[in-house]
1. So which pairs qualify, if the first residue must be in the range 291-305 and aliphatic (A, V, I, L, M) and in a helix (DSSP H, G or I), the second must be exposed (fewer than 15 other Cβ atoms within 10 Å of the Cβ) and at pLDDT below 95, the Cβ gap must be under 6 Å, and the two must be at least 6 apart or on different chains?
2. In the range 113-130, what count of residues is obtained for those that are in contact with a strand residue (DSSP E or B) (Cβ under 7 Å, 6 or more places away or on another chain) and touching a residue at least 40 places away in the same chain (Cβ under 8 Å)?
3. Here's a check for you: in the range 19-45, which residue that is of a type in the set (Val, Ile, Thr) and not in a loop (DSSP other than H, G, I, E, B) is farthest from Ala359 (Cα to Cα)?
4. For the range 362-407, what are the residues that are in a loop (DSSP other than H, G, I, E, B) and of a type in the set (Lys, Arg)?
5. Within the range 367-378, is there a residue that is over 15 Å from Ser338 (Cα atoms), buried (at least 18 other Cβ atoms within 10 Å of the Cβ) and more than 18 Å from the chain's Cα centre (by Cα)?
6. Looking at the range 244-262 only, could you name the residues that are exposed (fewer than 13 other Cβ atoms within 10 Å of the Cβ) and at positive phi?
7. Among the listed residues Thr56, Thr24, Thr37, which satisfies the condition of being surrounded by 16 or more Cβ atoms within 10 Å (Cβ to Cβ), out of contact with any strand residue (DSSP E or B) (no Cβ under 8 Å at 6 or more places or on another chain) and more than 30 Å from His295 (Cβ to Cβ)?
8. Name the helices (runs of 4 or more DSSP H) wholly within the range 118-210 that hold at least 2 residues that are in contact with a Pro (Cβ under 7 Å, 6 or more places away or on another chain) and in the same structural domain as Leu317 (by TED's automatic domain parsing)?
Amino acid sequence: MLKDNFKQLKLDPSLVYLDSANSTLILDQAVEAVIDTYSHYSNVSRGSYDLAEKNTNLLDDARKNIASFINANKNEIIFNYSATIGINQLGYGLSDNFKEDDIILLSIYEHNSNLLIWQKLAKDKKAKLLFFNPEINLKEQLNNKLKQKDYQKVKIISLTHASNVTGKLFNASLLFTEAKSLFKNVFTILDASQSISKTKIDVKKLNIDALVFSSHKVYGPSGVGVLYIEESKQKQIEPFLLGSQILDGLKDKYTYILKQDISRFEPGSPNLEGILGLNASLSFIKKHQKEIYDHDKQLVDYFLEKLKKANLLDKLLTLNSESNNPLEAKQLGIFSLSSPSHPHDVSYFLNKNNIAVRAGKLCSDLFLDDIKKQEGVIRISFGMYTTSSDIDKFIKNYKEILKILEK
């Protein structure tokens, strides 16, 4: 069983962990890779001795493997500390290209990490921020918001691949293809934080210029993020973090010259142990890819069936969409349920039975405040270790808690 690869669940067998959209549990193979690094540790890319060269080669191998996981080239993979850092690298790095009245497009589903930097950029540059529904034709939505002459002002479109609230997986490839046909110089960004562990990602098929994800969303250690930038687009982006290892030389005592490859985006010492841990988790997923992705689909069907039998489908938070619509989203193993009282009350009682869920606004204030008018929700999200009995235990307890709170 996939669950057997998580020592944490062996140490706490009664734990029902349904908060994988927040952070997945860490694979044993990733933990072992991190620990092993400390038995041959050194810094990388700067020591002229065997140990440093060995670790530099391990880092290079990890970069190649992680690149292949999303069908990228190794010179398109940048290591940082989280998806949030990656989005900020893009926002600050692209800011010099912005002029007054330029336009940024964001979906209504964005996590705060893919919202705040664009709000700041729009304010600082006097640009416009417009929002769209990724399940509706882009041009159809923008006809009411933009004149044809304004299309050339659209500089960025950034989208979450899957909603961290509803679990909807959007047709990013179709949407970005449409965007590039409509907007001549648009830079396309995909936040793959929620999709990276549940569906195959191919950056070439997705028609994107940049992508971000975090290790802790894909069964790896925290403190590691990946930023993909398509090679031909890298010169458009200025590094906003400066430090050692990105310097090509000093022109004079007042002027620096940066390297022109991806190392210009990686100042300072890398989180070697974290990167090797991530590499181990992605290697495991690659080996068991079909089993992991099929397992998530099976859990989705089982959860919806059990909700229906328990007469709880009306608690499910979703957006209506047209049937037979090519942009209609697929469902991943992430669901949010409404609550008759504060969601933290529900999570408190669930925790009494060792059931871990996420409660609140899920860092998605835009969607829950403006679109759904929700003060908060209960989110249930699956991992490769989730079982049907976990779902049964959750639904039984959730229904009992609702009866108590609705009195």
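1. none
2. Count: 3.
3. Applying the first criterion (of a type in the set (Val, Ile, Thr)) to the range 19-45 yields 24, 26, 31, 34-35, 37, 44.
Filter again for not in a loop (DSSP other than H, G, I, E, B), leaving 31, 34-35, 37.
On the way: Val31: 28, Val34: 31, Ile35: 33, Thr37: 36 Å.
It comes out as Thr37.
4. First, pick out the residues of the range 362-407 that are in a loop (DSSP other than H, G, I, E, B): 362-364, 372-376, 382-387, 406-407.
Answer for the range 362-407, where residues must be in a loop (DSSP other than H, G, I, E, B) and of a type in the set (Lys, Arg): Lys372, Lys373, Lys407.
5. no
6. Passing the criteria: only Gly249.
7. Numbers: Thr24 fails: more than 30 Å from His295 (Cβ to Cβ); Thr37 fails: more than 30 Å from His295 (Cβ to Cβ).
Answer to the check: Thr56.
8. Values: elements: 138-142, 172-182, 203-206.
Answer list for the range 118-210: none.
The values are calculated or read from the model by the stated rules, or taken from the named source; none is laboratory data. Quick caveat: nothing in here was measured; it's all calculated off a predicted structure. As a convention, Cβ positions derive from the backbone with ideal geometry for all residues, glycine included, and neighbour counts pool all protein chains shown.
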